[in-house]
Amino acid sequence: MAAAATTSASTAFSSTTDCCNQVAKRVFRITGLQVASTRRPSAFKSVRTINTNACTTASRCSFSGFTKTATITASAKIIDGKSVAKEIRDEIAIEISRMKESIGVVPGLAVILVGDRKDSATYVRNKKKSCESVGIKSYEVHLAEDSSEQEVLKYISGFNDDPSVHGILVQLPLPSHMNEQNVLNAVCIEKDVDGFNPLNIGRLAMRGREPLFVPCTPKGCIELLRRYGVAIKGKRAVVIGRSNIVGMPAALLLQREDATVTIVHSRTKNPEEITREADIVISAVGQPNMVRGSWIKPGSVVIDVGINPVEDATSPRGYRLVGDVCYEEASQMASAITPVPGGVGPMTIAMLILNTLVAAKRANNFK
């Protein structure tokens, strides 16, 4: 791997698996952090090869080609997604209890899982636990890998017509013989609690329009900024990645909050220079430790959406999770940063169950 710190357009956005050796080994207030995803275990695809002077074990995230100065923050404030997600779940539980006592309705979330992927099964279990913790009724359908697309559509149709189900989620990825777009579009917009229906995204993009639901991960990012008192209005924001799941809706949400937004993607020239101008960085590209400390403006706020497994012989699982951002470097530059795990991940499920509550309230005209 080349050692140059500056990337060219033809080498942007890597699939490098080099990692920070000392990720999160500081004395920070982080305990028992968990990670979860709402839709797709690997939402971000590897796209190109990067030339970023990668964050290697040997360097331990050293600032190669980058000199520490007096402006570097000694230690960024941790944006604790696990703690905020718990606060939100507690708020949701109170609302669900009030709804049940007032009109006798309990929100219901249906999840359809196709195949035997262990990661998908784990995420579905986490969602079910979160639903149970706040009082949401959970419905689960687990179909075999070789099930037909028609079988999946049949279950979606049934849940669309079931008044006790207020949200429907199809766990991704689906088997290759199924048309993902056809399946997702079959979920009626009133129950599309993941917020991926084209009408929801279209409304999100338009001034003066409101989507029925906002996609869960981007919504969680903005909620973290709000709850930590991070000013967004008038700030320069950079979103790294332009996926339909996170990047694009995150940019739209930041724009709605009156930020000036730039999207950095696989064809962007000099992405590090653009990112270095940002007051707020949201990285959602799915490349471990791609964003180096030299990319970060001193005092900025960094939201790391990446959840990337990297090999680690010292871990019982044989791997550990790291983000898109080289945490040890970035935490010396930023004023606040999300850890991985324990940052955006818990917020994604919190937003999913919040959207389910909103759907149930709307369906029953409950204020």
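The values are calculated or read from the model by the stated rules, or taken from the named source; none is laboratory data. If you're wondering where the values come from, they're calculated on a predicted model, not measured in any experiment. All Cβ positions, even for glycine, are placed from backbone atoms using ideal geometry, and neighbour counts span all protein chains on display. These area figures cover heavy atoms from the full protein model, side chains too; ligands, DNA and RNA do not enter into them. Shrake-Rupley method; radii C 1.70, N 1.55, O 1.52, S 1.80 Å.
Give me the extension gain from Lys154 to Glu101: residue separation times 0.36 nm, minus the current Cα-Cα distance, reported in nm with one decimal.
On the way: separation 53, 0.36 × 53 = 19.08 nm, distance 3.31 nm.
Full extension of this stretch gives 15.8 nm more.
Say R0 is 56 Å: what FRET efficiency, to the nearest 0.05, do Asp146 and Ala231 get from their beta-carbon distance?
Calculated value: 0.60.
Express in nm, to one decimal, how much length is gained between Thr314 and Asp258 on full extension, taking 0.36 nm for each residue of separation and deducting their alpha carbon distance. Working shown, then result.
Values: separation 56, 0.36 × 56 = 20.16 nm, distance 4.47 nm.
Computed gain between Thr314 and Asp258 is 15.7 nm.
Just to confirm the filter: which GluC sites (Glu not before Pro) across segment 80-149 are DSSP coil and have at most 13 other Cβ within 10 angstrom of their Cβ?
Working: sites: Glu87, Glu91, Glu95, Glu101, Glu132, Glu140, Glu145, Glu149; in loops: Glu145.
Passing both the DSSP loop test and the Cβ count: Glu145.
Find how many whole Å separate the alpha carbon centroid of segment 315-367 from the alpha carbon centroid of segment 138-192.
Taking the Cα centre of segment 315-367 as reference, the centre of segment 138-192 is 24 Å away.
Check each of the chymotrypsin sites (Phe, Trp or Tyr not before Pro) in segment 183-284 and keep only those in coil by DSSP with at most 16 other C-beta atoms within 10 angstrom; list them in order. Present the calculation step by step, with values, prior to reporting the outcome.
Details: sites: Phe196, Phe213, Tyr228; in loops: Phe196, Phe213, Tyr228.
In loop regions of segment 183-284 (DSSP not H, G, I, E or B), the sparsely surrounded chymotrypsin sites (Phe, Trp or Tyr not before Pro) are Tyr228.
Using a 1.4 Å probe, what is the accessible area per residue for segment 158-307, in Å²?
38 Å²
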